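Report on one structure; see the data block that follows.
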Amino acid sequence: MPTRKKLIEVALLLEAINKASAREKSIRHGHPSTLHLWWARRPLAAARAVIFASLVDAPDSPDAPPAFVRACEALPRGENATVMDTPRMRLFDFIEQLVTWENTTNEVVLEDARRLIRLSTDGNPPPLLDPFAGGVSIPLEAQRLGLEAHASDLNPVAVMINKAQIEIPPRFAGRPPVNPESRKGKWAVEAWQQIGHLYPTHNGETVIAWIWARTVKSPNPAVDCHVPLTSKFELSKKKGKRAYVVPHFDAETKTITYEVKHGDGEAPDATVNRKGGRCVISDTPISFEYMRAEAKAGRMGAHLIGIVTEGQNQRNYYSPTMNQMQVSQVSIPPDIPITDLPEKALSFRVQAYGMDQHWKLFTPRQLTALTTFSDLVAIARRKPVGMQSRLDWRMTMCHCAMAECVRVRMLSYQHNTPFLPRYSLRQAASSHWHDTGTSQN
């Protein structure tokens with residue numbers, strides 16, 4: 001018996017889907033991607049449209065169910081049906097509505113989609129399995145369309161993201177908030193009380209990034225000081241907002257200071273690339289072998305070369321200050337987990353620089369913030385308050401909070417509420433010759 005043709009086998013409204021998918025890139029509030037960034041995350045609009053079109057029949061197919069065809073004919077008429085009023089065109093008009101961000105939570109539109117799917121599947125929609133779920137777009141949209149969704153992934157971070165978005169929320173669907181007071185950011189306030197002094201403002205503005213450069217002692221004996229290894233000194237290339245760092249060497253004290261300049265001018269050349277590095281003062285070559293030997297011996301340092309703040313509708317760039325440098329000098333927390341990095345891993349070469357354990361990937365201030373947040377999550381799990389005594393609720397809160405903890409490389413808190421700067425958003429804690437100690441929420 002031949003199977004009925006599905007809409008995706010006949011035609012698909014690509015222009016509307018692409019438009020809705022492109023728009024998602026600028027949406028932050030309420031978008032699932034704000035839980036955790038993920039490589040090549042599929043747009044929700046595209047996932048929703050493809051799943052829907054894979055399940056509903058082509059309405060102009062001879063063997064399409066009559067009830068489904070009648071349902072398509074009863075759909076509101078839009079631009080496509082105005083040109084040619086057929087069941088397929090009405091279905092296209094419906095898909096245009098289905099993929100918009102505004103209808104992501106529109107139960108009227110979503111229920112129509114579920115009804116059309118049921119009519120096309122004899123009332124028994126198939127379950128959906130995504131064995132490499134990654135950023136959860138496909139199983140999330142399958143669940144939204146009324147399907148039973150199953151997801152898996154080899155990456156434990158992806159598993160956590162999927163649990164936080166498609167496994168845990170259904171347990172609490174339709175229920176009032178378990179602890180409305182938590183909306184006031186009690187955890188953030190407590191964390192701020194413990195570590196807020198490590199994140200001072202600058203010029204009355206919230207610092208969203210500290211730009212650091214790794215350093216090694218110059219192989220030129222005449223220089224006799226640590227020199228920066230950075231792939232760029234330019235902080236911003238935007239027209240009218242250009243900013244770059246200029247290093248200044250004091251030959252008497254054998255120290256380097258850094259000045260952030262704005263406007264026209266030429267930024268210094270990078271001091272490290274794929275071939276090796278160079279001394280910014282004497283231009284003496286610095287080989288990777290020398291850098292690695294210094295790092296393994298514990299002699300690689302870091303210089304604060306710039307500060308980025310959240311100004312009035314713009315980012316501002318400032319030269320580093322002694323206060324900002326001193327406040328970052330904290331001791332490593334005594335209770336950090338000590339776990340070994342793999343000896344070899346794809347595109348993971350920090351072991352050559354003596355970073356053979358996970359904690360060595362972070363600065364002391366980053367470790368302090370991360371352990372503080374982790375400790376608060378553990379306390380919340382052990383401390384029942386009212387309905388929080390329910391184990392499933394406490395486990396849910398801990399899971400979502402740890403998702404938050406995993407996605408940051410450095411935590412800082414604005415008073416009362418966590419905040420998320422957009423200076424350095426990455427899916428992982430990658431290692432760079434220049435790096436940002438960012439305040440993230």
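Confirm whether Thr104 is among the polar types (S, T, N, Q) and surrounded by fewer than 17 Cβ atoms within 10 Å (Cβ to Cβ).
Criteria not met by Thr104.
Within the range 282-309, track down each residue that is among the small types (Gly, Ala, Ser) and not in a loop (DSSP other than H, G, I, E, B).
Scanning the range 282-309 gives Ala293, Ala295, Gly301, Ala302, Gly306.
Identify, by number, the condition in (1) buried (at least 21 other Cβ atoms within 10 Å of the Cβ); (2) under 25 Å from Ile27 (Cα atoms) that Ala58 doesn't meet.
Result: Ala58 passes all but (2).
Residues Ala113, Ala47, Ala67, Ala53: which one is farther than 30 Å from Val159 by Cβ and either assigned to a helix (DSSP H, G or I) or without any contact (Cβ under 8 Å) to a residue 60 or more places away in the chain (or both)?
Ala67
Hey, can you tell me all the residues within the range 31-45 that are modelled with pLDDT of 75 or more, surrounded by fewer than 20 Cβ atoms within 10 Å (Cβ to Cβ) and aliphatic (A, V, I, L, M)?
The one that is modelled with pLDDT of 75 or more, surrounded by fewer than 20 Cβ atoms within 10 Å (Cβ to Cβ) and aliphatic (A, V, I, L, M): Ala40.
Of everything in the range 219-228 that's surrounded by fewer than 23 Cβ atoms within 10 Å (Cβ to Cβ) and touching a residue at least 12 places away in the same chain (Cβ under 8 Å), which residue is nearest to Ala302 (Cα to Cα)?
Filtering first and then ranking leaves His226.
For every residue, the table says whether it meets (1) at pLDDT below 90; (2) among the aliphatic types (A, V, I, L, M); (3) assigned to a loop (DSSP other than H, G, I, E, B).
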position	(1), (2), (3)
Glu141	no, no, no
Val157	yes, yes, no
Met160	yes, yes, no
Trp192	yes, no, no
Asn220	no, no, yes
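Any chance you could count how many residues in the range 91-109 are more than 22 Å from Pro59 (Cβ to Cβ) and either part of a helix (DSSP H, G or I) or aromatic (Phe, Trp, Tyr) (or both)?
3
Can Gln312 be described as loosely packed, with under 13 Cβ neighbours inside 10 Å and either assigned to a loop (DSSP other than H, G, I, E, B) or hydroxyl-bearing (Ser, Thr, Tyr) (or both)?
yes
Would you mind stating whether Arg28 is in a loop (DSSP other than H, G, I, E, B), surrounded by fewer than 13 Cβ atoms within 10 Å (Cβ to Cβ) and at pLDDT below 90?
In short, yes.
So which of Val245, Val272 is over 24 Å from Thr321 (Cβ atoms) and of a type in the set (A, V, I, L, M, F, W, C)?
Val272
When only residues in the range 232-251 that are small (Gly, Ala, Ser) and closer than 10 Å to His262 by Cα count, which is modelled with the lowest pLDDT?
Going through the qualifying residues, I end up with Gly240.
It is to be established whether one or more residues within the range 229-248 are within 26 Å of Ala369 (Cα to Cα), of a type outside the set (A, V, I, L, M, F, W, C) and surrounded by 15 or more Cβ atoms within 10 Å (Cβ to Cβ).
yes
Kindly indicate which of Val99, Val83 is loosely packed, with under 13 Cβ neighbours inside 10 Å, touching a helix residue (DSSP H, G or I) at 6+ places or on another chain (Cβ under 8 Å) and β-branched (Val, Ile, Thr).
Unique residue meeting the criteria: Val83.
So which pairs qualify, if the first residue must be in the range 263-274 and outside any loop (DSSP other than H, G, I, E, B), the second must be surrounded by 10 or more Cβ atoms within 10 Å (Cβ to Cβ) and of a type outside the set (Val, Ile, Thr), the Cβ gap must be under 7 Å, and the two must be at least 6 apart or on different chains?
Hits for this filter: Val272/Leu229; Val272/Ser231; Val272/Trp433; Asn273/Ser231.
The values are calculated or read from the model by the stated rules, or taken from the named source; none is laboratory data. Values in this document were obtained by computation on a predicted structure and should not be read as measured data. Note that we place each Cβ from the backbone using ideal geometry, even for glycine, and neighbour counts take in every protein chain shown.
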